[in-house]
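The block underneath contains the structure these notes are about, expressed in structure tokens.
The values are calculated or read from the model by the stated rules, or taken from the named source; none is laboratory data. This is a predicted model, so every value here is computed, not measured. Cβ sites come from the backbone with ideal geometry, for glycine too, and all protein chains shown count toward neighbours. When the accessible area is computed, the model is the full protein with side chains, heavy atoms only, and any ligands, DNA or RNA have been set aside. Shrake-Rupley method; radii C 1.70, N 1.55, O 1.52, S 1.80 Å.
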Amino acid sequence: GHMKSYRKELSVNVPTLRGFINITSNVEECLGESGIREGIVLINPMHVTSSVFIDDGEVGLYRHYEAWLEKLAPVLSVEEYSDEVIGEDIIDAHMKRHLMGRSAMIAVTEGRLDFGQWEQIIYGEFDGGRVKRVLVKIIGSGD
């Protein structure tokens, strides 16, 4: 089939400051809508304080991430940086995002996400409390 391109924005809302959401089913829904059978799907948040990554869907794992991220990028307020101004943003959220990565790319084979056994698509939020957008872009060919 000829090359097709599909784009959709998902809305996610983590009510707490930080959290992790499994968005695999949302992306699978997009893939179904796209009609693309062979290609690539790219998923990324459209915000600099959140992340999309591939991992196990095990919720217990995320609690360990919280502790690990806190050690690597502790909570810092803007006031702790006298010479830096990012407005009201919390700087640690930007650092945590870089640790977890911006985007995930997954192969599409025979109309399905071509995953390893435990792989899932996880949205990580580091400055929550409002609706955020996640871009799903799928490029490939249909039947």
Result for the chain: accessible area per residue, probe 1.4 angstrom, in square angstrom, of 55 Å²
A student asked for the Cα radius of gyration and Dmax of segment 2-78 in angstrom ought to give 15.7, 50
Among THR49, THR24, THR16, the residue with the largest mean-square fluctuation in a Gaussian network model of the chain built from Cα contacts under 10 Å is THR16
At q = 0.33 Å⁻¹, the log10 of I(q)/I(0) for segment 25-64 from a Debye sum over equal Cα scatterers comes to -1.12
Connecting every pair of Cα atoms under 10 Å apart in the chain and solving the GNM, the largest mean-square fluctuation among SER51, SER103, SER11 falls on SER11
Of every hundred units of 1.4 Å-probe accessible area on the chain, the number belonging to carbon and sulfur atoms, as a percent, is 53 percent
About its Cα centre, the chain carries a charge dipole, from +1 on Lys and Arg Cβ atoms and -1 on Asp and Glu Cβ atoms, whose size in debye to the nearest 20 is 420 debye
With x for Gly and Pro, the residue-by-residue ³J(HN,Hα) of segment 42-50, computed from phi through the Karplus equation 6.51 cos²θ - 1.76 cosθ + 1.60 at θ = phi - 60° and given in whole Hz, is 10, 10, 8, x, 9, 9, 8, 10, 9
The summed charge of the THR24 Cβ neighbourhood (under 12 Å; Lys/Arg +1, Asp/Glu -1) stands at -4
Relative contact order as a percentage, the chain, C-alpha pairs under 8 Å and 6+ apart, gives 54 percent
Kirkwood calc, the chain, C-alpha pairs only, radius in angstrom 16.1 Å
Contour minus Cα-Cα span, LYS71 to LEU113, at 0.36 nm per residue, comes to 11.8 nm
